[in-house]
Amino acid sequence: MDMRSLLSGIAIGAVAVSVLDPSRGARRRALLRDKAIRAGRITGDAFETTMRDLTNRTRGFAAETQGWIADRAVDDARLLERVRASLGRVSSHPRSVDVEVQGGQVTLRGPALYSEVQDLLSMAAGVRGVRSVINELEPHDSPGRVPASQEPTVTARDRDAGTRRRSGPGSRRPRSGLHAPVAGRVFFPSTGGVP
């Protein structure tokens, strides 16, 4: 007899004695049963959540792919909202940037950190439906004395809780965005640069 078989036999015997014990065995069996049921529930919930997430991601990917392939015209109001929604991903003070849209041409105005300007332009150019981007941003090395940059930044926790701050100089909603573009530097999405 080898050592592995001996240890396996001892372990099986100890479990059997513990579970089949006449005085406390019923309690131990109930605990084991409850733990097995809970593990099954948790595994089922995790599987269900994973499948729901996978389904939603697949639908989103299909819709995004269809949107890029179809190349439908996007109205300016919808395009404005798409660009505004993407600003928070690349700007530390997204409400200080004004966005205007005219026929698929996006104009970005207002103060922005110098380190974020290129990311803002690339982000705007990458939004589906944008034909070109005009850069009228005022780059600054630091928030310093720029009033729109002095407002408290909305954290992800605040955004999730729906407690977005609505006061301060940068709290105004952007203009409708349907104004005629003003002459400025044009960013071409296809080349990724400024002429």
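Listed values for the range 60-65 are Karplus-derived 3J(HN,Hα) couplings in whole Hz (6.51 cos²θ - 1.76 cosθ + 1.60, θ = phi - 60°), namely x, 4, 5, 5, 5, 5, and x replaces Gly and Pro. With R₀ set to 35 Å, the beta-carbon distance separating Ala36 from Arg59 gives a calculated FRET efficiency near 0.50. Sorting 116-122, 105-111 by their mean Cβ neighbour count within 10 Å, with the most densely packed peptide first, gives 105-111, 116-122. Along the positive direction of the dipole of the range 1-123 (beta-carbon charges: Lys, Arg +1; Asp, Glu -1; about the Cα centre), which of Leu120, Leu7, Ser91 reaches farthest? Toward the positive end, the furthest listed residue is Leu7.
Where a ≥ b ≥ c are the square roots of the eigenvalues of the C-alpha gyration tensor, would you call the range 1-124 rounded, which needs a/c under 1.5, or, failing that, prolate if a/b is larger than b/c, or oblate? Please report the intermediate quantities before stating the final value.
Numbers: a/c = 4.08, a/b = 3.38, b/c = 1.21.
It is prolate, given that a/c is not under 1.5 and a/b is the larger ratio.
Peptide packing: for 98-104, 28-34, the average count of neighbouring Cβ atoms within 10 Å per residue gives the ranking 98-104, 28-34, highest mean first. The residue among Val19, Ala63, Leu31 whose Cα reaches farthest toward the positive pole of the charge dipole of the range 3-68, with charges on the beta-carbon of Lys, Arg, Asp and Glu, is Val19. When you count the other C-beta atoms within 10 angstrom of each residue and take the mean per peptide, 78-88, 56-66 line up highest first as 78-88, 56-66. Could you tell me which of rounded, prolate or oblate describes the range 3-68, using a ≥ b ≥ c as the square roots of the eigenvalues of the alpha-carbon gyration tensor, with rounded for a/c under 1.5 and, failing that, prolate when a/b is larger than b/c and oblate otherwise? Because a/c hits 1.5 or more and a/b fails to exceed b/c, the range 3-68 counts as oblate.
Quick note: the coordinates plus some simple rules give every number you see, no bench work behind them. Please read all numbers here as calculations on a predicted model, not as lab measurements. Please note: Cβ atoms are built from the backbone with ideal geometry, for glycine as well, and neighbour counts cover all protein chains shown.
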